[in-house]
Amino acid sequence: MRSKRRQWTAALLWTVATSGSGCAGVQSALDPAGPQAARINDLWWLMLWTCAGVFAIVISALVAALRRGRAQPAEDAETERKMTKVVAAGVAVTTVILFAFMISDFVTGRALWSLASPDAIIIKVTGHQWWWDFEYQDPIPSHRVRTANEIHIPVGRPVKLEMTSSDVIHSFWVPNLHGKTDLLTGHQTVTWLQADRPGKYRGQCAEYCGHQHAHMAFVVIAEPVGQFNAWFDNERHPAITAANAGQQRGQQIFMSRTCMMCHQIRGTDAGGRSAPELTHLASRESIAAGTLANTRDNLKGWIVDSQRFKPGNKMPSHDLGDEDLNALLDYLESLK
Ligand code: CUA
């Protein structure tokens, strides 16, 4: 019993001791990588430490009272006067703390909008059950870049996200960069973020949206401007043409089956918009909204029986012969 208590105490102390440095990792609101997340992080620590202090004081007072036992009749009048003072002081301190919280909350809320800038990159985000559609906006329609479940952003430049949903309510959340913003049908919500250092920041849907809500992730890759421009230039190009007989056959299969009804591959006849865009699929890290690593085996399993990995998703299973399946995989893997 005693050793168990000691383990718990050690775990608690370790948590408190390491918490100041945040939980460094792929997805942590306590490891801010941008001004928005930093402000939310500051507010969180202010509230946590203040509440921890209040909790310690309340528990100490309780312990002191229990030890002291009942007041003697002779002390009653004196005790009463002291108690009144203590309670009045407690009410005053509580009021001050609550006002301080309200003001800092308000200041943080305003600061979260401070990135608004005409120089921002604008990305239209559409939430679907259960994947993310991203479109980099440009006044010239042919310069727009559409992609899915993965965005790249240049470090140090504000990004404006104009968001909407095609079905139910979703919530866009990249803990290292910002708090949550809901995506609604028929109404556009807007949020801003900026990354101050390069990195891969995992995001996920933060509003229960159905069976595969937990498999609705994405990644934000923040990189130096040069690297971002190179990525963006490549994205802007239509898909490369099938280079050999295998890839050509794969492309034919893609265009002759139902794939093209839902998926878009720019530069080809496939123009569907109800499923992830695939023009540069091979350059992405994962498939199925962060569910699987983007490997040939996973892609194969996904095409043949996606329900096995993500039950309820809208991708039908495809019964292709080995040769056709390999040709299709050759084609998809060429889409760099
Ligand atoms: Cu989309 Cu939860």
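The values are calculated or read from the model by the stated rules, or taken from the named source; none is laboratory data. None of these values were measured; they are calculated from a predicted model. When we count neighbours, we look across all protein chains shown, and the Cβ atoms used for this are built from the backbone with ideal geometry, even at glycine.
Beta carbons closer than 8 Å, at least 6 apart along the sequence or on distinct chains, pair a first residue in the range 160-175 that is in contact (Cβ under 8 Å) with a residue 24 or more places away in the chain and under 22 Å from residue 120 (Cα atoms) with a second that is part of a loop (DSSP other than H, G, I, E, B) and near the ligand (Cβ under 9 Å from one of its atoms) for 171/206; 171/207; 172/206; 173/206.
Give 227, 251, 247 a once-over and let me know the one that is modelled with pLDDT of 95 or more, assigned to a helix (DSSP H, G or I), among the polar types (S, T, N, Q) and more than 16 Å from the ligand (Cβ to nearest atom). Can you show your working first?
Working: 251 fails: modelled with pLDDT of 95 or more; 247 fails: modelled with pLDDT of 95 or more.
Among 227, 251, 247, only 227 is modelled with pLDDT of 95 or more, assigned to a helix (DSSP H, G or I), among the polar types (S, T, N, Q) and more than 16 Å from the ligand (Cβ to nearest atom).
Just one of the numbered conditions (1) part of a helix (DSSP H, G or I); (2) of a type outside the set (S, T, N, Q); (3) closer than 19 Å to residue 296 by Cβ; (4) modelled with pLDDT of 90 or more is not true of residue 276: (1). Quick check: is even one residue across the range 189-208 surrounded by fewer than 17 Cβ atoms within 10 Å (Cβ to Cβ), within 11 Å of the ligand (Cβ to nearest atom) and not polar (S, T, N, Q)? Yes, that holds for at least one residue.
Pick from 76, 119: which is loosely packed, with under 12 Cβ neighbours inside 10 Å, under 30 Å from residue 165 (Cβ atoms) and modelled with pLDDT under 90?
Numbers: 76 fails: under 30 Å from residue 165 (Cβ atoms).
Result: 119 is the single residue among 76, 119 that is loosely packed, with under 12 Cβ neighbours inside 10 Å, under 30 Å from residue 165 (Cβ atoms) and modelled with pLDDT under 90.
Only residues that are of a type in the set (Asp, Glu) and either part of a helix (DSSP H, G or I) or in contact (Cβ under 8 Å) with a residue 60 or more places away in the chain (or both) were counted in the range 110-140, giving 1.
Only strands (runs of 3 or more DSSP E) wholly contained in the range 141-185 count here; list those with 2 or more residues that are over 16 Å from the mean Cα position of the chain (by Cα) and more than 12 Å from the ligand (Cβ to nearest atom). Talk me through it step by step, then tell me what you get.
Values: elements: 145-148, 150-154, 159-165, 170-173, 181-183.
Of the strands (runs of 3 or more DSSP E) lying wholly inside the range 141-185, those with at least 2 residues that are over 16 Å from the mean Cα position of the chain (by Cα) and more than 12 Å from the ligand (Cβ to nearest atom) span 145-148.
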